[in-house]
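Worksheet: one structure, shown below.
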Amino acid sequence: MKKLNVFLMSLLILLAGCKETQTALPAQPAYSKPHAPVEMTFSQSAKASTGNDLSVEVVLTTTKDVDDLEVSVTADNNLLLLDYPHLRHLGAQHRQQTQVLKISCQPQQDGLYYLYVAATVVVKGQPQTRSFPIPVYVGEVNASQQLKATGVVEQDANGEAIISMPAQQNLRPAK
Amino acid sequence: MWLRLKPLAMLAMYGIMAGCGGSSGGGSNFYSIGGTVSGLTAGTLVLQNNGTNDLSLTSNSSFTFNSRLANGSTYNVTVLSHPVDQYCTVSHGSGTVSSANVVNVAVSCMASCVLGAGSAINVSGKITFDRVPHTTNGGLDYTATRQDPVRGAIVEATCNNSVVTSTVTDGIGDYSVTVPGGTENLLLRVKAQMQQTGTASWNFRVVDNTSGGALYSLSSTAFNTGAGNLSLDLHAASGWGGSSYTSTRAAAPFAILDSVYDAFQKVLAENASTQFPALNLNWSINNVSVSGNVAIGQISTSHFNGTEIFILGKANDDTDEYDDHVVIHEWGHYFEHNFSRADNIGGSHGSGDVLDIRVAFGEGFGNAYSAIVTDDPVYADAAGNLQTGGFTINMEDNCTDIGDVRGWYSECSVQSILYDMYDTATEGADALTMGFTPLYDVLVNEQKNTLAMTSIFSFIYELKQNNLGDVTNINALLAAQSIDGSLLTDIYGSGQVTNNTISGDALPVYKTATVGGAAVNVCSSSEFQVYNGYEVSRFIKFTLPGTQSLTITAVKSSGAGNDPDLVLYRNGTQIAIAETTTVNNETLSVSNLTAGDYVLELYDYGNRTTGVGSTCYNVTL
């Protein structure tokens with residue numbers, strides 16, 4: 001029951017994108033790949049709407065001592081970044097040291113878009129990058145309609161769904 | 001009475017009808033199903049929705065079924081009859097109505113395939129895909145893209161979507177099929193799937209979790225077979241246009257499949273009769289490193305969830321399709337889960353973390369296995385804008401990177417030890433060239449059945465028992481990772497001493513209790529990290545001399561936490577769990593436990609979630 005409560009709490013927090021403020025704690029997937037020693041949480045000032053500026057506060061925490069922390073921000077099309085130097089050097093960080101950054105953007109259209117915060121830590125000259133996408137739900141969102149396809153979904157003769165992707169081909173008489 | 005109930009009855013009937021999914025009607029809660037037709041050149045195409053509501057079309061245009069469906073209803077558009085000399089397929093033809101008209105059903109018509117009556121001819125060639133290698137910092141180097149063979153994948157010749165014949169590509173990507181001569185509009189399709197039945201069996205599929213789990217495939221354009229044999233090569237391109245992805249990322253599913261090919265061949269080399277449970281690897285260009293709705297790609301990170309693997313794919317965030325070490329790391333979890341035993345509790349982790357011993361072993365094994373399979377000690381994971389960033393882990397650097405954390409709690413130490421035991425290179429403390437077989441043997445035998453939690457201790461103890469001639473060299477490797485191999489005399493890591501990372505109250509790794517004996521004091525701490533950090537969970541071992549019932553209690557003795565939980569294991573199997581919210585104590589009662597060795601796990605629930613610091617409990621049996 002406790003595990004269900006934590007899951008539900010995490011799910012509610014993560015699905016709270018439609019609320020005016022949200023702070024997302026990372027969920028616990030089953031068995032995941034390793035990542036760089038930096039974590040992120042974020043909150044946004046208000047519900048996002050087309051044509052209106054949106055402010056997102058990002059808190060980065062290094063989980064180890066690092067020699068440098070570098071942060072860059074990019075965004076999906078339809079999210080216009082405002083007043084943010086897209087690359088910022090924050091210098092050496094101690095374990096559990098936090099950096100607060102404010103990102104301003106302006107949605108250009110309703111839908112689900114992402115800001116991408118790429119945090120790169122450097123230790124003994126070795127860079128390690130971790131990407132933190134921030135979902136921005138703008139207006140009325142039908143996320144499934146926005147999905148990009150990698151090919152045409154068809155059904156084979158057995159009714160199994162198959163995505164057909166075009167090949168580059170070379171057809172010729174056999175020697 | 002009837003007049004008062006009637007409106008309610010009508011309302012109930014309306015609700016029931018709305019949920020039935022096939023009814024038509026008007027009103028604001030009903031939506032239309034439609035789309036477009038292309039390629040129709042002549043004749044009549046007849047579509048159906050949900051097996052009814054026939055719709056006849058004679059030209060390329062948009063269409064709408066005249067029956068509307070209630071919100072939440074399912075729809076399934078199919079072809080009832082094809083136009084003359086044409087064959088039509090439906091895409092985006094099924095789903096659930098979600099508060100909007102459905103307008104994206106796409107029906108595509110092409111010249112129909114006609115099987116010839118001529119002598120059989122051979123169509124053969126090579127199937128390849130773009131493999132994008134890494135830069136030294138772990139990013140992707142698109143300028144060095146090479147063409148690799150698609151190995152072991154299903155190839156089908158199809159005629160109007162029916163399979164005429166099929167085969168499998170060989171180890172260098174070649175295939176050969178025999179089809180009737182004189183066939184018109186034949187298609188060749190390569191599935192992102194490897195499958196074999198029999199003594200050795202497998203079924204690995206790369207599917208799109210954002211398209212209902214549809215299987216990826218590569219398709220030729222339609223071609224005719226004459227009287228002579230044909231050579232047909234197909235290539236899956238990366239889709240990279242020089243500064244961004246500009247076309248179909250057809251190579252990605254085959255890059256993932258290729259990594260799995262290497263991963264399972266390594267196991268087959270140890271046991272040629274291995275029967276691999278079916279496995280779906282979910283990848284999509286929409287798969288983003290955000291937790292949320294998997295159906296729209298919010299998969300959190302690349303991971304194995306105990307049943308399936310999910311792989312990131314969103315450009316400019318984190319794409320893992322070309323990160324073969326990442327794919328094989330996750331496949332390593334699948335292997336451990338199905339053929340060995342993984343007591344790993346998962347969670348966030350990386351080099352330099354001080355981890356629960358179960359997590360350290362499971363994740364270290366995944367990293368090491370990726371290097372073992374590829375014979376490449378450098379694990380690379382691309383990420384960031386244009387995939388130019390990322391990071392690398394070098395199995396050979398002996399954990400001199402992040403934090404210099406070494407020990408039985410370090411995934412870095414585990415990966416370093418395992419890889420050094422495997423590889424043929426000898427340097428520093430590494431004098432071993434054992435290969436994979438001794439490691440595999442322990443994983444699928446002793447480690448699978450160990451009485452302890454799966455860790456470097458349980459693994460190394462058994463490895464040494466099986467390889468007595470290598471004990472000195474194994475101990476040297478362990479010593480280089482701050483593990484005293486000479487004291488490693490059991491599966492529980494007894495005898496390990498404090499070091500720069502671990503202080504006294506964290507040892508021994510397993511405390512020992514006796515039934516009816518004195519209380520054992522253990523402390524749960526989130527000093528290193530919550531959930532899966534070292535010391536969040538503490539372990540107590542005990543032996544039952546005979547079958548009996550048992551009551552275990554934990555009572556707080558100090559600290560800020562107040563919610564102890566207890567989990568009882570036998571051979572890694574959870575026997576019982578007590579996780580109430582009772583403040584400051586917990587009781588676990590179990591009946592008819594058989595004689596033997598058990599492991600009890602205690603943690604403060606607060607340290608599994610937010611972190612409450614060191615909290616100690618007296619445990620009695």
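The values are calculated or read from the model by the stated rules, or taken from the named source; none is laboratory data. Note that the structure is a prediction, hence the values are computed from the model and not measured. We place every Cβ from the backbone using ideal geometry, glycine too, and count neighbours over all the protein chains shown. Keep in mind that these areas ignore ligands, DNA and RNA; they rest on the heavy atoms of the full protein, side chains included. Shrake-Rupley method; radii C 1.70, N 1.55, O 1.52, S 1.80 Å.
Every residue, every condition in (1) in contact with an Asp or Glu (Cβ under 8 Å, 6 or more places away or on another chain); (2) part of a strand (DSSP E or B); (3) at negative phi, yes or no:
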residue: B:263; (1), (2), (3): no, no, yes
residue: B:273; (1), (2), (3): no, no, yes
residue: B:281; (1), (2), (3): yes, yes, yes
residue: B:285; (1), (2), (3): no, no, yes
residue: B:306; (1), (2), (3): no, no, no
residue: B:330; (1), (2), (3): no, no, yes
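Within region B:428-441, is even one residue away from every other protein chain (no Cβ under 14 Å), touching a residue at least 40 places away in the same chain (Cβ under 8 Å), crowded, with 20+ Cβ neighbours inside 10 Å and among the charged types (D, E, K, R)?
Yes, there is a match, as at least one residue in region B:428-441 is away from every other protein chain (no Cβ under 14 Å), touching a residue at least 40 places away in the same chain (Cβ under 8 Å), crowded, with 20+ Cβ neighbours inside 10 Å and among the charged types (D, E, K, R).
Go through region A:120-175 residue by residue and tally those that are open to solvent by less than 50 Å² (accessible area, probe 1.4 Å), in contact with a helix residue (DSSP H, G or I) (Cβ under 9 Å, 6 or more places away or on another chain) and of a type in the set (Gly, Ala, Ser).
Matching residues across region A:120-175 total 2.
When you go through (1) in contact with a Phe, Trp or Tyr (Cβ under 8 Å, 6 or more places away or on another chain); (2) free of Cβ contacts under 8 Å to residues at least 60 places away in the same chain; (3) more than 9 Å from chain A (Cβ to nearest Cβ) one by one for residue B:331, which number turns out not to apply?
Going through the list (1) in contact with a Phe, Trp or Tyr (Cβ under 8 Å, 6 or more places away or on another chain); (2) free of Cβ contacts under 8 Å to residues at least 60 places away in the same chain; (3) more than 9 Å from chain A (Cβ to nearest Cβ), residue B:331 breaks only (2).
Can you find even one residue in region B:553-562 that is within 14 Å of chain A (Cβ to nearest Cβ), in contact with a Leu (Cβ under 8 Å, 6 or more places away or on another chain) and modelled with pLDDT of 95 or more?
No, there is no match, as no residue in region B:553-562 is within 14 Å of chain A (Cβ to nearest Cβ), in contact with a Leu (Cβ under 8 Å, 6 or more places away or on another chain) and modelled with pLDDT of 95 or more.
Can you tell me which condition residue B:501 does not meet? The list is (1) over 22 Å from residue B:462 (Cβ atoms); (2) open to solvent by 50 Å² or more (accessible area, probe 1.4 Å); (3) part of a loop (DSSP other than H, G, I, E, B), and all the others hold.
Looking at each condition in turn, residue B:501 falls short on (2).
Residues are listed down the side, and each one gets a yes or a no for (1) closer than 19 Å to residue B:101 by Cα; (2) surrounded by 15 or more Cβ atoms within 10 Å (Cβ to Cβ):
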residue: B:37; (1), (2): yes, yes
residue: B:40; (1), (2): no, yes
residue: B:47; (1), (2): yes, yes
residue: B:50; (1), (2): yes, yes
residue: B:61; (1), (2): yes, no
residue: B:67; (1), (2): yes, yes
residue: B:71; (1), (2): yes, yes
residue: B:74; (1), (2): yes, no
residue: B:77; (1), (2): yes, yes
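Among the residues of region B:462-483, write down those that are at negative phi, of a type outside the set (A, V, I, L, M) and either surrounded by 15 or more Cβ atoms within 10 Å (Cβ to Cβ) or not assigned by TED's automatic domain parsing to the domain that holds residue B:416 (or both).
First, the residues of region B:462-483 that are at negative phi: B:462-481, B:483.
Applying the additional criterion that residues be of a type outside the set (A, V, I, L, M) yields B:462, B:464-467, B:469-470, B:472-473, B:475, B:481.
If the condition is that a residue be at negative phi, of a type outside the set (A, V, I, L, M) and either surrounded by 15 or more Cβ atoms within 10 Å (Cβ to Cβ) or not assigned by TED's automatic domain parsing to the domain that holds residue B:416 (or both), then B:462, B:464, B:467, B:470, B:473, B:475, B:481 are the ones that fit.
Among the listed residues B:612, B:583, B:536, B:555, identify the single one that is in contact with a helix residue (DSSP H, G or I) (Cβ under 6 Å, 6 or more places away or on another chain), open to solvent by 40 Å² or more (accessible area, probe 1.4 Å) and not assigned by TED's automatic domain parsing to the domain that holds residue B:443. Even if it seems obvious, please write down each step before you answer.
Details: B:583 fails: in contact with a helix residue (DSSP H, G or I) (Cβ under 6 Å, 6 or more places away or on another chain); B:536 fails: open to solvent by 40 Å² or more (accessible area, probe 1.4 Å); B:555 fails: in contact with a helix residue (DSSP H, G or I) (Cβ under 6 Å, 6 or more places away or on another chain).
Exactly one residue qualifies, and that residue is B:612.
With region B:124-209 as the region, which strands (runs of 3 or more DSSP E) entirely inside it contain at least 3 residues that are free of Cβ contacts under 8 Å to residues at least 60 places away in the same chain? Please lay out each step first, then the result.
Working: elements: B:146-149, B:154-159, B:162-168, B:174-180, B:187-191, B:193-196, B:202-208.
Output list reads B:154-159, B:162-168, B:174-180.
Please go through region A:82-102 and give me each residue that is surrounded by 15 or more Cβ atoms within 10 Å (Cβ to Cβ) and either farther than 25 Å from residue A:51 by Cα or aliphatic (A, V, I, L, M) (or both), ordered by number.
A:90, A:93, A:97, A:99, A:101
Quick one: would you say residue B:279 is over 16 Å from the mean Cα position of the chain (by Cα) and not polar (S, T, N, Q)? Walk me through how you get there before you give the answer.
Numbers: over 16 Å from the mean Cα position of the chain (by Cα): no; not polar (S, T, N, Q): yes.
It is false that residue B:279 is over 16 Å from the mean Cα position of the chain (by Cα) and not polar (S, T, N, Q).
Which one is nearest to the chain's Cα centre (by Cα), of the residues in region A:115-153 that are within 18 Å of residue B:211 (Cα to Cα) and among the small types (Gly, Ala, Ser)?
The extreme case among them is A:143.
Within region B:96-119, how many residues are surrounded by fewer than 17 Cβ atoms within 10 Å (Cβ to Cβ), in a strand (DSSP E or B) and out of contact with any Asp or Glu (no Cβ under 7 Å at 6 or more places or on another chain)?
Number satisfying all stated conditions: 3.
Among the residues of region B:344-395, what is the count of those that are of a type in the set (Asp, Glu) and at pLDDT below 95? Working first, answer last.
Within region B:344-395, the first condition is being of a type in the set (Asp, Glu), and the residues that meet it are B:353, B:356, B:363, B:375-376, B:381.
In the following step, the residues that additionally are at pLDDT below 95 were identified as B:353.
Total meeting the criteria: 1.
Are there strands (runs of 3 or more DSSP E) fully within region A:72-175 with at least 3 residues that are on the phi > 0 side of the Ramachandran plot, more than 7 Å from chain B (Cβ to nearest Cβ) and in contact with an Asp or Glu (Cβ under 8 Å, 6 or more places away or on another chain)? List them. Explain how you work it out, then say what you get.
Details: elements: A:79-82, A:87-89, A:98-107, A:111-123, A:126-138, A:152-155, A:161-166, A:168-173.
Answer list for region A:72-175: none.
Within the set of pairs 6+ apart or on separate chains, which have a first residue in region B:223-252 that is more than 25 Å from residue B:122 (Cβ to Cβ), a second that is open to solvent by less than 50 Å² (accessible area, probe 1.4 Å) and modelled with pLDDT under 95, and C-beta atoms under 9 Å apart?
Sorted first by the residue in region B:223-252, then by its partner, the pairs are B:239/A:150; B:248/A:150; B:248/A:151; B:249/A:150; B:250/A:150; B:250/A:151; B:252/A:150.
Just to be sure I understand the filter: pairs with C-beta atoms under 7 Å, separated by 6 or more residues or on different chains, first member in region A:103-118 and within 21 Å of residue B:383 (Cα to Cα) and of a type in the set (Gly, Ala, Ser), second member open to solvent by less than 10 Å² (accessible area, probe 1.4 Å) and not in a strand (DSSP E or B). Which pairs pass?
Matching pairs, first to second residue: A:118/B:384.
How many residues are part of a loop (DSSP other than H, G, I, E, B) and open to solvent by less than 10 Å² (accessible area, probe 1.4 Å) if we restrict to region B:221-234?
Kept after step one, since they are part of a loop (DSSP other than H, G, I, E, B), are these residues of region B:221-234: B:221-222, B:224-229.
Now drop any that are not open to solvent by less than 10 Å² (accessible area, probe 1.4 Å), which leaves B:225.
Of the residues in that region, 1 qualify.
So residue B:237 passes all but one of these: (1) more than 9 Å from chain A (Cβ to nearest Cβ); (2) surrounded by fewer than 23 Cβ atoms within 10 Å (Cβ to Cβ). Which condition number does it fail?
Failing condition for residue B:237: (1).
Testing residue B:414 on (1) touching a Gly at 6+ places or on another chain (Cβ under 8 Å); (2) under 24 Å from residue A:67 (Cβ atoms); (3) in a helix (DSSP H, G or I), one condition comes back false. Which one is that?
(2)
Taking residue B:295 as the residue in question, decide whether it is open to solvent by less than 20 Å² (accessible area, probe 1.4 Å), among the hydrophobic types (A, V, I, L, M, F, W, C) and part of a helix (DSSP H, G or I).
On the way: open to solvent by less than 20 Å² (accessible area, probe 1.4 Å): no; among the hydrophobic types (A, V, I, L, M, F, W, C): yes; part of a helix (DSSP H, G or I): yes.
So residue B:295 fails the test.
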